[in-house]
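Trainee: Before anything else, here's the structure in question.
The values are calculated or read from the model by the stated rules, or taken from the named source; none is laboratory data. A quick note: this is a predicted structure, and the numbers were derived from the prediction, not measured. So basically every Cβ, Gly included, is an ideal-geometry build from the backbone, and we count neighbours across all protein chains shown.
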Amino acid sequence: MRYRLTKISLFIVILLFIFSCDVTKRVPESKRLLTKNEIVIDKKPNHDEVVYFQLYQKPNTSILGYRLRLQLYNLAKQHSDSLYKQWLDRKPKRRARLNRLLSAKQVERLGQSFVVSGLSNFLMKTGEAPAIYDSTAVKKSIKRLNAYYYNKGYFDVETTIEKDTSTTKRIQIKYNVNRKTPYTIDSLKTAITSPMLDSLFRIHNNRTLIKSGKQYDTELLNGERDRITSDFRNNGAFYFQQNYIRYSLDTISTGKKVNVNLIIKDNSYRKNDSTVTEPFRLYKINKVAIYTDQTTSKNEIKVRDSLVYNDFILYSENKLKYRPKAITDAVLITKGSLFSDNNTTLTTKYLSNLRVFKYPTIQYKEDPKDPNGLIANIYLTPRKKYTFGASVDFTHSNIQDFGISGNTSLGIRNVFNGAETFEIGFRGNVGASKDLANPNNTFFNISEIGLDAKLNFPRLFFLFNTEKIIPKTMLPTTTVSMGYAKQQNIGLDKQNFTGSFTYNWVPKKNQNIRLDLFNIQFVKNLNISNYFNVYKSSFDALNNLAIYYDADTNFPQLFSNGKLIIDEGTNGFVNAVLGPNPTITTSADDLKTIRSIEERRKRLTENNLIFASNVSYYKTTSRGVGDNNFYSIRTKFESAGNMLSILARASKQLQNQSGANTFFEVQFSQYLKGEFEFIKHWTLQGKNVIAVRTFAGLAVPYGNSNTIPFSRSYFSGGSNDNRAWQPYSLGPGSSGGINDFNEANMKLSANAEFRCNLFGKFNGAVFADVGNIWNIFDAVDQEAYQFKGWKSLKEMALGTGFGLRYDQGLFVVRFDIGFKTYNPSEQIENKWLREFNLAKSVLNIGINYPF
């Protein structure tokens with residue numbers, strides 16, 4: 001108790017020291033520290049971050065009102081090197097003694113070393129200098145605020161300031177903005193001197209953003225400038241640029257209205273030593289030339305082979321290695337079409353998506369035979385046809401005392417001359433384990449070999465043409481993959497086969513659809529009854545418990561030579577403890593041990609045959625890694641076992657003892673599964689972000705199954721879920737996570753985080769995670785596990801905590817500490833805050849943000 005009081009006292013003293021530091025410590029006597037900016041718009045307080053961004057000078061950053069970075073800066077010693085020199089010269093003999101111990105040069109450098117100045121330099125670099133009030137910056141802020149609202153149509157805006165200097169050496173500034181009546185757009189007139197552009201503008205004039213009655217906004221004019229430029233450059237105006245568009249505004253005697261004049265001059269360019277002006281022309285593509293094997297950076301190819309295919313001309317230095325259709329399907333620049341920026345961009349993207357060429361180069365030049373024609377030259381640089389990789393790893397785990405694993409991979413591009421890619425990899429592993437049965441005393445008594453192959457087609461590989469349904473502009477691909485592995489553990493042998501046939505396409509920007517026509521997972525253990533001969537430590541623990549509880553006396557038929565018989569004796573003892581009608585009562589800890597041993601045995605010997613089809617949809621509004629104001633939606637629906645069920649009926653497959661149909665002596669799974677996930681990020685003032693995520697998932701077994709296979713079930717807890725619980729340790733329901741791997745077929749969860757920048761690359765977070773898993777519509781009959789409607793929502797566990805993140809740029813290293821705030825498995829009086837302490841907290845370490 002005394003030790004705990006000492007720690008608490010020390011913690012309080014440190015807090016008092018930090019909070020007692022005067023924030024104006026480094027503020028000169030004649031200056032003031034800017035502590036607050038307030039903006040009032042038309043006599044109403046404003047909290048818009050964009051408006052506050054207009055201010056040149058801002059107060060020091062704070063966390064919940066506390067200016068941590070300023071306090072760190074104040075803790076640093078100013079001019080520590082000068083103080084060091086003063087210390088040297090304070091006693092005449094001090095410098096001489098140090099010079100004898102070190103060299104004179106080293107003594108001088110000591111003032112700049114980490115020993116003398118390191119901590120102060122770190123505090124000053126990590127901290128933040130005081131924001132000293134600057135009247136010049138305030139005047140510039142007023143001008144910028146007026147300019148901001150002027151561009152919004154408030155041409156008569158006025159801004160004044162009020163100063164609050166009631167606190168010593170501190171100042172607060174209030175900006176009072178009087179916007180007055182905004183101006184609205186009255187009319188739009190155009191002066192486009194090039195006839196072709198004028199005609200094009202009038203054709204699409206109904207899409208104009210500048211409309212009568214709208215409030216004037218510079219962003220509106222900029223948006224119209226972007227629209228016109230995009231419209232012109234996608235309809236043949238090859239030489240047109242955005243800077244040709246100008247606006248002239250008339251507000252004289254208009255009664256708070258603006259007449260907008262849109263002006264577009266003719267094309268002007270240098271020719272020899274003079275400037276030539278002529279009307280803009282709309283250009284058509286007269287020729288599309290594709291150079292398939294460019295090897296130089298100058299886009300020069302010695303053509304030795306050429307081919308004309310559907311108005312495309314393909315050139316090659318050597319014999320053409322590609323089927324023409326495979327390349328031309330990726331080219332949206334076609335003969336006879338108008339020049340288009342969009343087609344150029346999509347062609348570049350699609351050719352890159354083939355993965356057989358490096359980033360393509362597309363150049364246009366005028367056709368010497370036609371003043372309104374262009375020749376499009378597309379230069380492709382092939383990637384290496386063959387790529388090979390190999391690696392060797394040495395491993396150690398709770399199963400393998402020592403292991404050697406190796407991987408080799410071979411990649412082949414343009415396999416069938418249609419820009420297909422083929423990847424095949426071989427993996428192998430040998431290891432040693434003392435736990436496994438090893439009658440011949442072989443050192444390497446574990447082995448595994450595996451083969452994985454994947455073939456990718458840059459199009460939809462289907463029975464009929466899908467171009468009208470899913471055009472090539474959606475970048476469709478087809479992927480066929482297969483994998484086989486065989487594992488040998490001195491008796492507990494396992495075979496594993498996976499296969500999939502997948503379509504992918506992009507219906508719109510930032511959207512993706514994936515369709516697995518079939519996804520197969522087949523796992524078969526060939527010698528399940530030999531499990532306890534293999535995993536000796538598990539057997540020894542089970543056997544010792546059986547003897548401790550007198551099972552050898554009460555059930556002698558389960559024993560031989562004083563040990564449980566494998567497999568009859570081990571199964572009998574486990575059933576006597578864990579079965580529906582237990583005949584042996586154990587302590588809670590021993591019950592947990594036996595349950596853990598049996599659960600691990602089931603997981604390691606579980607056979608699976610999953611033949612599923614699924615479709616998933618993903619959409620995001622994120623514009624990149626730095627975008628913190630977006631949302632994303634992911635949905636998925638999966639169906640498994642229906643095809644095998646039809647085949648089983650048709651072929652009269654054998655049934656197992658439970659009456660379920662089997663293929664290759666393995667019961668196949670049959671279920672329906674649906675998932676939905678929604679993520680939303682909001683950017684607040686500064687670098688502060690609020691992020692939320694919601695998830696719902698349900699898998700319902702039927703027909704040939706009464707449970708969901710482990711690989712398709714849900715779990716809760718972990719660094720990307722409810723961070724107050726370890727993975728697989730939460731739920732189902734109010735059961736308390738009594739197994740090593742707690743899983744169920746239904747999941748509901750929600751997460752929320754407030755993220756802020758602490759200093760430099762270090763960010764902080766405060767989070768709350770809520771959720772749980774349940775069993776529903778399956779064979780699990782324990783009431784604590786089941787979802788029973790709305791009343792089961794009270795079993796949603798709540799975890800709260802805080803985190804520290806280091807943003808390295810390419811990735812984020814994350815440390816989160818979670819506390820069990822509401823634990824649904826406890827008694828009513830102990831559910832809230834009973835485990836809200838560091839001793840029972842959970843530390844999560846992860847890479848990048850959880851959502």
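Trainee: Considering region 709-728 alone, what residues qualify as being within 13 Å of Trp774 (Cα to Cα) and either crowded, with 20+ Cβ neighbours inside 10 Å or of a type in the set (A, V, I, L, M, F, W, C) (or both)? Working first, answer last.
Mentor: Here is the first cut: in region 709-728, the ones within 13 Å of Trp774 (Cα to Cα) are 713-716, 728.
Once the filter is applied, which keeps residues that are within 13 Å of Trp774 (Cα to Cα) and either crowded, with 20+ Cβ neighbours inside 10 Å or of a type in the set (A, V, I, L, M, F, W, C) (or both), region 709-728 yields Ser713, Tyr714, Phe715, Ser716.
Trainee: If Val258 satisfies all but one of (1) more than 30 Å from Gly153 (Cβ to Cβ); (2) crowded, with 19+ Cβ neighbours inside 10 Å, what's the number of the condition it fails?
Mentor: Result: Val258 passes all but (1).
Trainee: Looking at Asn60, Asn37, which is the one that is at pLDDT 75 or above and either assigned to a strand (DSSP E or B) or not assigned by TED's automatic domain parsing to the domain that holds Val157 (or both)?
Mentor: Numbers: Asn60 fails: either assigned to a strand (DSSP E or B) or not assigned by TED's automatic domain parsing to the domain that holds Val157 (or both).
Asn37 is the lone residue from the list that is at pLDDT 75 or above and either assigned to a strand (DSSP E or B) or not assigned by TED's automatic domain parsing to the domain that holds Val157 (or both).
Trainee: Taking region 281-305 only, how many residues are at pLDDT 80 or above, farther than 26 Å from Gln241 by Cβ and among the hydrophobic types (A, V, I, L, M, F, W, C)?
Mentor: 1
Trainee: Any idea which residue in region 218-247 is nearest to Glu278 (Cα to Cα), counting only those that are touching a residue at least 40 places away in the same chain (Cβ under 8 Å) and surrounded by fewer than 17 Cβ atoms within 10 Å (Cβ to Cβ)?
Mentor: Tyr239
Trainee: While we're on this one: Could you tell me which numbered condition Ile210 fails, if it satisfies all but one of (1) over 41 Å from the mean Cα position of the chain (by Cα); (2) of a type in the set (A, V, I, L, M, F, W, C); (3) part of a loop (DSSP other than H, G, I, E, B)?
Mentor: So Ile210 meets the others, but not (1).
Trainee: Go through Asn720, Asn739 for me and flag whichever is farther than 15 Å from Ala699 by Cα, at pLDDT below 95 and either out of contact with any Ser or Thr (no Cβ under 9 Å at 6 or more places or on another chain) or among the charged types (D, E, K, R) (or both).
Mentor: When all the criteria are applied, what remains is Asn720.
Trainee: Only one residue in Leu188, Leu209, Leu220 is touching a helix residue (DSSP H, G or I) at 6+ places or on another chain (Cβ under 7 Å) and among the aliphatic types (A, V, I, L, M), so which one is that? Don't jump to the end; show me each part of the working.
Mentor: Numbers: Leu188 fails: touching a helix residue (DSSP H, G or I) at 6+ places or on another chain (Cβ under 7 Å); Leu220 fails: touching a helix residue (DSSP H, G or I) at 6+ places or on another chain (Cβ under 7 Å).
Just a single option satisfies the conditions, and that option is Leu209.
Trainee: Within region 317-347, take every residue that is within 14 Å of Val288 (Cα to Cα) and of a type in the set (Ser, Thr, Tyr) and give me the one that is surrounded by the fewest Cβ atoms within 10 Å (Cβ to Cβ).
Mentor: Ranking the candidates gives Ser337 first.
Residues checked against (1) over 22 Å from the mean Cα position of the chain (by Cα); (2) under 17 Å from Ile738 (Cα atoms); (3) surrounded by fewer than 14 Cβ atoms within 10 Å (Cβ to Cβ):
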| position | (1), (2), (3) |
| --- | --- |
| Asn772 | yes, yes, no |
| Lys794 | yes, no, yes |
| Ala797 | yes, yes, no |
| Arg805 | no, no, no |
| Val812 | no, no, no |
| Gly818 | no, no, no |
| Asn830 | yes, no, yes |
| Phe851 | no, no, no |
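Trainee: Just to be sure, is Leu197 farther than 13 Å from Tyr247 by Cα, of a type in the set (A, V, I, L, M, F, W, C) and either assigned by TED's automatic domain parsing to the domain that holds Ile333 or in contact with a strand residue (DSSP E or B) (Cβ under 9 Å, 6 or more places away or on another chain) (or both)?
Mentor: yes
Trainee: Which numbered condition in (1) of a type in the set (Gly, Ala, Ser); (2) in contact with a helix residue (DSSP H, G or I) (Cβ under 8 Å, 6 or more places away or on another chain); (3) loosely packed, with under 15 Cβ neighbours inside 10 Å is the only one that Gly389 fails?
Mentor: The failed condition is (2).
Trainee: Okay, next question. Give me a count of the residues in region 818-840 that are among the acidic types (Asp, Glu) and either outside any strand (DSSP E or B) or in contact with a Cys (Cβ under 6 Å, 6 or more places away or on another chain) (or both).
Mentor: The total comes to 2.
Trainee: Same structure again: For region 103-120, check the following and say yes or no: at least one residue is assigned to a helix (DSSP H, G or I), in contact with a Phe, Trp or Tyr (Cβ under 6 Å, 6 or more places away or on another chain) and modelled with pLDDT under 65.
Mentor: Among the residues of region 103-120, at least one is assigned to a helix (DSSP H, G or I), in contact with a Phe, Trp or Tyr (Cβ under 6 Å, 6 or more places away or on another chain) and modelled with pLDDT under 65, which makes the answer yes.
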